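The values are calculated or read from the model by the stated rules, or taken from the named source; none is laboratory data. Remember, it's a predicted structure, so these values are computed and weren't measured experimentally. Ideal geometry is used to build each Cβ from the backbone, glycine not excepted, and the neighbour counts take in all protein chains shown. Remember, those area values only see protein heavy atoms, side chains included, never the ligands or the DNA or RNA. Shrake-Rupley method; radii C 1.70, N 1.55, O 1.52, S 1.80 Å.
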Amino acid sequence: GKTFTMEGPNIDDPELMGITPRMISNVFDLIASASANLEFTVKVSMVEIYLERIRDLLDINKANLTVHEDNIRGVYIEDVTEEYVTDASEVTALMKKGASLRTTMSTDMNEQSSRSHSIFIMDVRQRD
């Protein structure tokens, strides 16, 4: 399924991790190999869409969030939690936290099938 492909069966195992954990490791490898005169900030958010509502998976008190668009920020989710991170292990910990709060339900095919769509957002900024 989608969660298996994106997260993998084990996000800590380099052989079993999915696309998202691999991308996260790659981003931090590229930051580490960048020129010393460049400065990077990285922040992440994680939300789920369930029954047409957006819920913050890093702060369970934030539910029914709204999507907005403007000329400066582009498309964004108002009031979503944005956690600043410095390495892949911090991102992995936040992904685990978010995944544990997703809406799930048992189905005939999968004991812990997700009933929602999760969105993982990673914002990387570079300054000279």
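Quick check: from the Cα gyration tensor, does the range 19-75 come out rounded (a/c under 1.5), prolate or oblate?
prolate
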Whichever lysines have a C-alpha closer than 24 Å to that of LYS62, once near sequence neighbours (fewer than 8 apart) are set aside: LYS43, LYS96, LYS97
FRET efficiency, SER89 to HIS68 (Cβ-Cβ, R0 22 Å, nearest 0.05): 0.10
Mean projection area, nm², convex hull over Cα of the range 1-120: 8.9 nm²
FRET efficiency, THR103 to MET6 (Cβ-Cβ, R0 25 Å, nearest 0.05): 0.95
The range 1-99: relative contact order as a whole-number percent, Cα under 8 Å and 6+ apart: 23 percent
Solvent accessible area, Å² - PHE120, 1.4 Å probe, full protein context: 50 Å²
GluC sites (Glu not before Pro) within the range 24-61: DSSP coil, no more than 12 neighbouring Cβ in 10 Å: GLU52
Folded to 0 to 90 degrees: helix 88-100 orientation relative to the chain principal axis, Cα: 20 degrees
Computed [θ] at 222 nm, deg cm²/dmol, the chain (DSSP H ≥ 4; -39,500 (n - 2.57); rounded to nearest 500): -8000 deg cm²/dmol
Cα long-axis angle, helix 19-32 against the chain (0 to 90 degrees, to the nearest 10): 10 degrees
Solvent exposure, largest accessible area first (probe 1.4 Å, DNA, RNA and ligands not counted), of LEU16, LEU30, LEU101, LEU57: LEU30, LEU16, LEU101, LEU57
